[in-house]
Amino acid sequence: MNKTFILIATAGSAALLLGAFGFQYLGDLPPCKMCIWQRWPHGIAILAGVLALAMKQRMFAWLGAVATLITSLIGFYHAGVEKGIFEGPDSCTSGPVGGMSTDDLFNQIMNAPLVRCDEIPWDMFGISMAGWNALVSLGLFCIWIMASRRS
């Protein structure tokens, strides 16, 4: 296990999570349901890093790797939903209107989330926050793998 790689990977997840909270609370960009899904694995990766450093157990480094891979995959899926490549969850994206009764349509509108998963509220270089999370988390996954394998 390599302490330096564990510190880098743990700090990377902490930075991404702090950035997400910064966009939410300072930038007034509330998260959608899929954005929240991407946050949990970063929390697990941070905990794994702390435990790996404190207990010097390689399994925690592997847990960090799995957590960052999961958030990366969720991020790629979310970015695909934003770009219309994949269909997102019905509870977080625009739903069909055709063939619905007035009551069903009203219920759909009233139960719709405030922030939709299929809209891009912010991007940089044409890549959304979900896309950036996917890419950076994939890099963190690689760092966790290096941390797990080095002695």
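Worth a mention:
- Where labels lie 7 Å past Cα in the beta-carbon direction, separation of residue 54 and residue 138 in nm: 3.3
- Net length gained if the chain between residue 36 and residue 14 were fully extended (0.36 nm per residue, minus Cα distance): 6.4 nm
- Each 5 Å bin from zero holds the following percent of Cα-Cα pairs in segment 3-149: 2, 11, 18, 18, 15, 12, 9, 7, 4, 2, 1, 1, 0.
- Dimensions (Å) - segment 1-88, Cα atoms, principal axes, largest first: 42, 29, 16
- Cα gyration tensor shape of segment 1-42, rounded if a/c is under 1.5, else prolate or oblate by comparing a/b with b/c: oblate
Every number in this text was worked out from the coordinates using simple rules, so none of it is lab data. The model shown is predicted, which means the values in this text are computed figures rather than measured ones. FYI the Cβ positions are ideal-geometry reconstructions off the backbone, even for glycines, and counts take in every protein chain you see.
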